[in-house]
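J.: Sharing a structure, written as structure tokens. Questions coming.
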Amino acid sequence: MIVALLDKYPVLRLGLRELLTGHFKSITTIESESIRLFSALQLDQTPDIIIMGLSEEGKDDHFGDVNMAKKAYPGTSLIVYADEALNLNGLSDYLSLGVEGYLSKRAESTELITCVSTVADGKKYVNVADLLSLLGKPESGKKEMFRNFGDLKLSGREAEIARYLADGKRPSWISQKLNRKPSTISTIKRNIFKKLAVNNVLELRERISQYDVP
């Protein structure tokens, strides 16, 4: 198994490498500071899993980096290893981009091993304790997220954005409404069009009634 460790902090990459190589007998790790630098390495082998460390510091476009990784390595599973506090809308956004695993950097080391093992088996992973904690929060949109993501068509966030688009709202307006970067909304819009096999908003408006979009 080849695992790429992407994080701007060398000490964190070192810790991940020691943890993974100490647990998995047959594993090769590759390290880089970012997906952009990693893509430029022109490696002979494609990683089976990418663990992408995301930090709250700076103004990095996390969703843009995730989208770049999924486009550059479509057959590779991606685990987001994040500083940011987990919330349902953020989780929905990452899942809509095709992320296979989401884990907080505050999690126990055994949790990371479980996450990697689960993703390596072809399954998705989100910490159950974190998820149950989120479900206990009165956060708007969580019911729609699980209903729509469950049928593998649209996540709750995608459903929300699809409705706005169908109503004629521009991505710039949606980004302000949802407090997201315009590039993130544009990325999710492309994913919506791809999932629903539409080419424009008019086709989206016609198609959207066929799916469980509130």
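Derivation of every value follows stated rules applied to the coordinates shown; laboratory data play no part. This structure is a prediction, so every number in the text was calculated from the model and none was measured. In this analysis, Cβ positions are derived from the backbone assuming ideal geometry, glycine residues included, and neighbour counts consider all displayed protein chains.
J.: Based on the Cβ-Cβ distance from ALA197 to VAL11, what FRET efficiency comes out when R0 is 30 Å, to the nearest 0.05?
T.: Plugging the Cβ-Cβ distance into 1/(1 + (r/R0)^6) gives 0.10.
J.: Work out how much length THR110 to LEU43 would gain on full extension: take 0.36 nm times their residue separation and subtract the Cα-Cα distance, in nm to one decimal.
T.: Contour length minus Cα-Cα distance gives 21.2 nm.
J.: I've got another one for you. Which length gain, in nm to one decimal place, applies between LYS169 and GLU31 when the Cα-Cα distance is subtracted from 0.36 nm times their residue separation?
T.: 45.6 nm
J.: Right, next: Which of LYS71/LYS169; LYS71/LYS195; LYS124/LYS177; LYS71/LYS105; LYS70/LYS189; LYS70/LYS124 have a Cα-Cα distance over 18 Å?
T.: Cα-Cα > 18 Å for LYS71/LYS169; LYS124/LYS177; LYS71/LYS105; rest within.
J.: Net charge near ARG170: determine it from the other residues with C-beta under 12 Å of the C-beta of ARG170, scoring Lys and Arg +1 and Asp and Glu -1.
T.: Local charge sum for ARG170: +2.
J.: Magnitude of the Cβ-charge dipole of region 1-83, K/R +1 and D/E -1, about the Cα centre, nearest 20 debye?
T.: Approximately 240 debye in magnitude.
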